[in-house]
Amino acid sequence: MSDLPAIIVAEEDYNRLSALLEKTDDPTGVAEGLEDELSRADLKPLAEIPASVVVMNSVVVFEDQDSGKERRLQLVYPHQVDGSADKISILAPAGAAMIGLSIGDSIEWPVKGRKPLHLKVVSVTRQA
C-alpha cells in the first residue's frame, strides 16, 4: 500500500476491533491488513471524531474507482452481518479499507489472489 491517507479511529472501536482480531483466524489476509491500519491510526474518543470520518456502524457511500460504481453500505462487526445487501463486515476487504477514512479520501487495498481495491469515500452518515 502506498501513499496511505491519514486515518482516525475511535478508541472504542479500536478496543473492540483489537479484541476481535485476537480471536480471528483469517487466511485471506484482511485481518492482518486491518491490524496494520489500526497500528497507524490516530486514536481519539468517538465524541471527538468529525462526522466526516468512517467509524464502526457508519453508513458509507464509496466509489469503486476501477469501475466508477458507487455503493452504500453500513460498516459493521462480523456478528452484525445478517445477509442483507446493505451491510459490510469490517473483516471484508472493502470494510477494512474504509475504517478511519474521511470524505474524499482514497485508498488502495490489497486483496489476496485478486487485484487491489481502489476505493474513495463519497459520504458518511454516523449511526446512533
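The values are calculated or read from the model by the stated rules, or taken from the named source; none is laboratory data. Note that the coordinates shown come from a computational prediction; the quantities given were computed from them, not determined experimentally. With ideal geometry, Cβ positions are generated from the backbone for all residues, glycine too; neighbour counts draw on all protein chains shown.
List of remarks:
- Single condition R16 does not satisfy, out of (1) over 20 Å from L117 (Cα atoms); (2) without any contact (Cβ under 8 Å) to a residue 12 or more places away in the chain: (2)
- Applying a threshold of 6 Å to beta carbon distances and a minimum spacing of six or more residues, or different chains, the list of pairs starting in segment 39-61 at a residue that is modelled with pLDDT of 95 or more and charged (D, E, K, R) and ending at one that is assigned to a loop (DSSP other than H, G, I, E, B) and surrounded by 15 or more Cβ atoms within 10 Å (Cβ to Cβ) is empty.
- Filter result for L34 (out of contact with any strand residue (DSSP E or B) (no Cβ under 8 Å at 6 or more places or on another chain), under 14 Å from I7 (Cα atoms), part of a helix (DSSP H, G or I) and in contact (Cβ under 8 Å) with a residue 24 or more places away in the chain): yes
- Residue satisfying all of: in segment 19-57; surrounded by fewer than 13 Cβ atoms within 10 Å (Cβ to Cβ) and small (G, A, S); farthest from L91 (Cα to Cα) among these: A47
- From the options P27, P78, P93, P5, residue that is within 11 Å of the chain's Cα centre (by Cα) and modelled with pLDDT under 95: P93
- A count restricted to segment 81-116 and to residues that are touching a strand residue (DSSP E or B) at 6+ places or on another chain (Cβ under 8 Å), within 16 Å of V60 (Cα to Cα) and not basic (K, R) stands at 20.
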